[in-house]
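J.: My questions will all concern the structure given below.
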């Protein structure tokens, strides 16, 4: 039973990170109609900038993480998130806005171009070598509850994910600009007729999506090796989560991410880690076969949401 509880905690933690990525995808899709294939590459910049600010060097050597910390850990994380927000705003203004009224193919090609540009740029500046990223707590820090050992890092990730989702929900439901974003997501033309500044809504949605993706990246970086395409697998899991939960539904993205994370964790422990990726896509096929709209079908935004 203890092993099962620990496995569930790990699965929920990973699922929460998948959910952050999926929410960013859904936000952009709802507000702009664009499926952002560059979401992972934009997010990937956050830990690179954070670790550079933390050590004050572009070398990112392992020893630098211990001997050359020139900035507090959390301040470096905030700096990394701020940077990806700026990147997201630049992509929206320079790449996305000019092609909004064109075909979906233009948007797909533009996002793929941004993806390749960012990954090659990171490889040029920081090289393609694998790097490590320091965790919030020591990786061997645990606490025990009735025989169940739970990592402080997992609890920190889970707390940050939950807090982020609650803050986003409050923003969307309790602020005028959040209402404007929901109106735009429901009917872009009607929102513009009501005087809503669609361009500002689009920019803010890209900023939010980039921040959520960047947060997912810095939370995952300590558990993965840091390299230019390390978020590609997470992006795919984010897409899987949106499909499972219902593409276009924020609640569906959260549910899909948690379900995927828990099932992957259980599969890794009780079956084999080799089936994780296969299982994710098999689950997508199963969900689409049974209910093409996902577990939570897309719903219209309303004041009660």
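Each value in this text was obtained by applying a stated rule to the coordinates, not by laboratory testing. Here the structure is a predicted model, which means the values were calculated and not measured. Counting neighbours? That spans all protein chains shown, and the Cβs are built from the backbone with ideal geometry, glycine included.
J.: Throw me the Rg/Rh for region 200-261, computed over C-alpha atoms with Kirkwood Rh, two decimals.
T.: Over the Cα atoms of region 200-261, Rg/Rh equals 1.00.
J.: Would you mind ranking 131, 174, 97 by Cβ crowding within 10 Å, fewest neighbours first?
T.: 174, 97, 131
J.: Another question, then. Rounded to whole Å, give me the distance from the Cα center of region 130-197 to that of region 90-107.
T.: Between the Cα centres of region 130-197 and region 90-107 lies a distance of 26 Å.
J.: Here is a further query. Listing 167, 31 from the residue with the fewest other Cβ atoms within 10 Å to the one with the most, what is the order?
T.: 167, 31
J.: Next question, about the same structure. Can you tell me how much longer the chain between residue 75 and residue 281 gets when fully stretched, taken as 0.36 nm per residue apart minus their C-alpha distance, in nm with one decimal?
T.: That pair, residue 75 and residue 281, stretches by 70.4 nm at full extension.
J.: Between region 1-49 and region 207-283, how far is it from one alpha carbon centroid to the other, in angstrom?
T.: Value for the Cα centre distance between the two parts: 5 Å.
J.: Sticking with this structure for a sec: What share of all Cα pairs of region 1-128, in percent, falls into each consecutive 10 Å distance bin?
T.: Spelled out per bin, shortest first, that is 11, 33, 30, 20, 6, 0.
J.: Would you calculate the separation in nanometres between label points at residue 290 and residue 152, each defined as 7 Å from the Cα along the Cα-to-beta-carbon direction?
T.: 4.1 nm
J.: For region 80-187, what Kirkwood radius comes out of the mean inverse Cα-Cα distance, in Å?
T.: Roughly 18.3 Å, rounded to one decimal.
J.: Highest mean first, how do 278-288, 153-163, 99-109 rank when packing is the count of other Cβ atoms within 10 Å averaged over residues?
T.: Ranking, from highest mean packing down: 153-163, 278-288, 99-109.
J.: Hey, fewest Cβ within 10 Å first, where do 176, 276, 30 land in order?
T.: Ranking 176, 276, 30 by Cβ neighbours within 10 Å, fewest first, gives 176, 276, 30.
J.: Which whole-percent values make up P(r) of region 148-274 when all C-alpha to C-alpha distances are grouped in 5 Å steps starting at zero?
T.: Histogram of Cα-Cα distances, whole percents per bin: 2, 9, 13, 20, 20, 15, 9, 6, 4, 2, 1, 0.
J.: OK, next. What is the spin-label model distance, in nm, from residue 225 to residue 108 if the labels are put 7 Å beyond Cα along the C-beta direction?
T.: 3.2 nm
J.: What base-10 log of the normalised intensity I(q)/I(0) is obtained for the chain from the Debye formula, alpha carbons as equal point scatterers, at q = 0.07, 0.14 Å⁻¹?
T.: Cα-only, vacuum Debye calculation for the chain: -0.27, -1.09.
J.: Which three numbers, in whole Å and largest first, are the semi-axes of the equivalent ellipsoid of region 101-162 derived from its Cα gyration tensor as √(5λ)?
T.: Whole-Å semi-axes of the equivalent ellipsoid: 40, 19, 8.
J.: Enumerate the residues in region 74-109 having an amide nitrogen under 17 Å from the point lying 7 Å beyond the Cα of residue 120 toward its Cβ.
T.: Only 109 pass the distance filter.
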